[in-house]
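**Student:** I have a structure here, written as structure tokens, and I will follow up with some questions on it.
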Amino acid sequence: MHQLKRLNMSKQIVLFIAMLLMLAATHVLADAEESDLGYQFSPVTPLIVAPDFTLEDMDGESYELHDYRGKVVLVNFWATWCPPCRKEMPALEALYRKLDGNSFAVLAINQWEDPDHVFAYTGELNVFPTFPILFDPESEISALYGVKGLPTSFLIDKKGRLAYRAVGGRAFDHPAVEQIIRVLLAKP
Amino acid sequence: MHGVNSLILARLFAGAWLLLPAIVYSASIERVSPDTGLSSWKSEGDALEFELVQVLPDYVRAVYAARGLPKAVVDKVSSYCVFGTILHNRTDRPLSYRVADWRYITADGVSHRIRTKSEWVSEWQDLGIAFRWSMLPDDQTFEVGDWGQGFTTIGLQPGNRFALEYSWAQDGKAETRTIKEVRCAPTEAPEHE
């Protein structure tokens, strides 16, 4: 009887440990799949002035970064063939719509592709991007910003300084991203 | 007696938690995509999460041809054994990697260096091509939450096997891992359900 009781207890322990291991494994897999797009931005230290640029959009209209002094600017380097770039685009538009008018701007700088191709891509999106899409055909501006891989995003403060950087896709609609921008917006 | 059982129970639980990292985190896991039939290898639990995804030569051709690159460039890249490589910093501290430090080891035990993005870009520049994307960057420092992806090119034929030795550095300490039995993608898409 005593031995039977001990055997049952051993079985329960084994079962419990097996359940723990399965639970842990499930968590690890779920974390890996869910966190494809992160939300963290890393501060750029020391603060340096963002390299200025003049680029054109699809209609040939020129945009100059220095015209955005006094605004917080999110600069996003991207391409249509880059899966995380495509994945983060709808959330970038959502963030822009939410914060637009609050001295916040988004400049999406396409790499290497031609405007016709990008225009066709934006037509496939459920929500058409309303922020400017600019073209950096020879990747000169991305080189100035030290961009090594796509997507890479920067937050530029109201004084035109690089404040934050994010390498890899981000969930721009995550509250933590909005919070960082709101803090930058609150600063003089 | 009750005290003894409690002691055994406590030791077993302690043992189980010690076992967790060994069982869940140690080796890379190979998965076969139900959509493509292609394999991928993912190493989880380290500071640097590392994933290699087989890429068919035809897909590589399509990617580069769609960028408008000349046939000679398309043919050369697609002659390599290409993997999609996805790296994540899974910690709360920066880490860095350098592809020049990585090696692939063939069945004969010989260690080979991996062709870097800079080498590809330099070759393309010599041909007057400014394209510098798609390959995994030579080196990067990933801050918290950073990640990246790109192609890694191994100088082997389709279907060949090798071991990949990769490394990264964090807090001034280098870490090295090996993924064994990696296979280059076949020439054509494998049959699958």
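**Student:** If B:ALA16 satisfies every condition in (1) open to solvent by less than 20 Å² (accessible area, probe 1.4 Å); (2) modelled with pLDDT under 90; (3) more than 11 Å from every other protein chain (Cβ to nearest Cβ) but one, which is the exception?
**Tutor:** With (1) open to solvent by less than 20 Å² (accessible area, probe 1.4 Å); (2) modelled with pLDDT under 90; (3) more than 11 Å from every other protein chain (Cβ to nearest Cβ) applied to B:ALA16, the lone miss is (3).
**Student:** Another question, then. Suppose the filter is buried (at least 17 other Cβ atoms within 10 Å of the Cβ) and modelled with pLDDT of 95 or more; does B:ALA163 pass it?
**Tutor:** It is false that B:ALA163 is buried (at least 17 other Cβ atoms within 10 Å of the Cβ) and modelled with pLDDT of 95 or more.
**Student:** So B:GLY150 fits all but one of (1) over 12 Å from the mean Cα position of the chain (by Cα); (2) at pLDDT 95 or above; (3) among the small types (Gly, Ala, Ser); what number is the exception?
**Tutor:** Exception for B:GLY150: condition (1).
Per-residue answers, yes or no, for (1) in contact with a Gly (Cβ under 9 Å, 6 or more places away or on another chain); (2) at pLDDT 95 or above; (3) among the basic types (Lys, Arg):
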{"position": "B:ALA27", "(1), (2), (3)": "no, no, no"}
{"position": "B:SER39", "(1), (2), (3)": "no, yes, no"}
{"position": "B:PHE50", "(1), (2), (3)": "no, yes, no"}
{"position": "B:VAL55", "(1), (2), (3)": "yes, yes, no"}
{"position": "B:VAL60", "(1), (2), (3)": "no, yes, no"}
{"position": "B:VAL63", "(1), (2), (3)": "no, no, no"}
{"position": "B:GLY68", "(1), (2), (3)": "no, no, no"}
{"position": "B:ASP75", "(1), (2), (3)": "no, yes, no"}
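**Student:** Hey, another quick one. Of the residues in the stretch A:35-70, how many are open to solvent by 80 Å² or more (accessible area, probe 1.4 Å) and among the charged types (D, E, K, R)?
**Tutor:** Summing the residues that are open to solvent by 80 Å² or more (accessible area, probe 1.4 Å) and among the charged types (D, E, K, R) in the stretch A:35-70 gives 5.
**Student:** What do you reckon, is B:GLY84 surrounded by 16 or more Cβ atoms within 10 Å (Cβ to Cβ), within 12 Å of chain A (Cβ to nearest Cβ) and at positive phi?
**Tutor:** Here the answer is no, as B:GLY84 does not meet what is asked.
**Student:** Out of (1) buried (at least 20 other Cβ atoms within 10 Å of the Cβ); (2) in contact with a strand residue (DSSP E or B) (Cβ under 6 Å, 6 or more places away or on another chain), the odd one out for B:VAL99 is which?
**Tutor:** (2)
**Student:** Right, something else. Does any residue of the stretch A:155-168 turn out to be in a loop (DSSP other than H, G, I, E, B), farther than 26 Å from B:GLN140 by Cβ and more than 16 Å from the chain's Cα centre (by Cα)?
**Tutor:** Yes, that holds for at least one residue.
**Student:** Here's something else I'd like to know. Output the residues belonging to the stretch B:129-158 that are at the interface with chain A (Cβ under 8 Å from one of its Cβ atoms) and among the polar types (S, T, N, Q).
**Tutor:** Those that are at the interface with chain A (Cβ under 8 Å from one of its Cβ atoms) and among the polar types (S, T, N, Q): B:SER134, B:GLN140, B:GLN149.
**Student:** Let me ask something else about it. Out of the stretch B:124-139, which residues are open to solvent by 20 Å² or more (accessible area, probe 1.4 Å) and without any contact (Cβ under 8 Å) to a residue 24 or more places away in the chain?
**Tutor:** Those that are open to solvent by 20 Å² or more (accessible area, probe 1.4 Å) and without any contact (Cβ under 8 Å) to a residue 24 or more places away in the chain: B:GLN125, B:ASP126, B:GLY128, B:ALA130, B:ARG132.
**Student:** Ok, one more. Of all residues in the stretch A:77-89 being within 19 Å of A:ASP57 (Cα to Cα) and open to solvent by 50 Å² or more (accessible area, probe 1.4 Å), which is farthest from the chain's Cα centre (by Cα)?
**Tutor:** Step by step, filter the stretch A:77-89, then rank; the result is A:TRP81.
**Student:** Those residues that are in contact with a helix residue (DSSP H, G or I) (Cβ under 9 Å, 6 or more places away or on another chain), open to solvent by less than 20 Å² (accessible area, probe 1.4 Å) and within 14 Å of chain A (Cβ to nearest Cβ), I need them from the stretch B:44-64; list them, please.
**Tutor:** B:GLU44, B:GLU49, B:VAL55, B:VAL60, B:TYR64
**Student:** Here is a further query. Can you tell me which residue in the stretch B:73-97 is farthest from B:TRP133 (Cα to Cα), limited to those that are among the aliphatic types (A, V, I, L, M) and part of a strand (DSSP E or B)?
**Tutor:** Only one residue fits best here, namely B:LEU95.
**Student:** Filter the stretch A:169-179 down to the residues that are closer than 25 Å to B:SER96 by Cα, outside any strand (DSSP E or B), within 11 Å of chain B (Cβ to nearest Cβ) and touching a helix residue (DSSP H, G or I) at 6+ places or on another chain (Cβ under 9 Å) and list them by number.
**Tutor:** A:GLY169, A:ALA171, A:VAL177
**Student:** A follow-up question, please. Give me the pairs: first residue in the stretch A:67-91 and more than 13 Å from B:TRP133 (Cα to Cα) and away from chain B (no Cβ under 14 Å), second residue acidic (Asp, Glu) and crowded, with 18+ Cβ neighbours inside 10 Å, beta-carbon distance under 9 Å, and six or more apart or on different chains, which are they?
**Tutor:** If the second residue must be acidic (Asp, Glu) and crowded, with 18+ Cβ neighbours inside 10 Å, the pairs left are A:VAL72/A:ASP157; A:VAL73/A:ASP157; A:ASN76/A:GLU88.
**Student:** So how many residues does the stretch A:146-159 have that are more than 8 Å from every other protein chain (Cβ to nearest Cβ) and open to solvent by 10 Å² or more (accessible area, probe 1.4 Å)?
**Tutor:** 4
The values are calculated or read from the model by the stated rules, or taken from the named source; none is laboratory data. What you see is a predicted model, and the numbers here were worked out from it, not measured in a lab. Cβ atoms come from the backbone with ideal geometry, glycine included; neighbour counts cover every protein chain shown. Remember, those area values only see protein heavy atoms, side chains included, never the ligands or the DNA or RNA. Shrake-Rupley method; radii C 1.70, N 1.55, O 1.52, S 1.80 Å.
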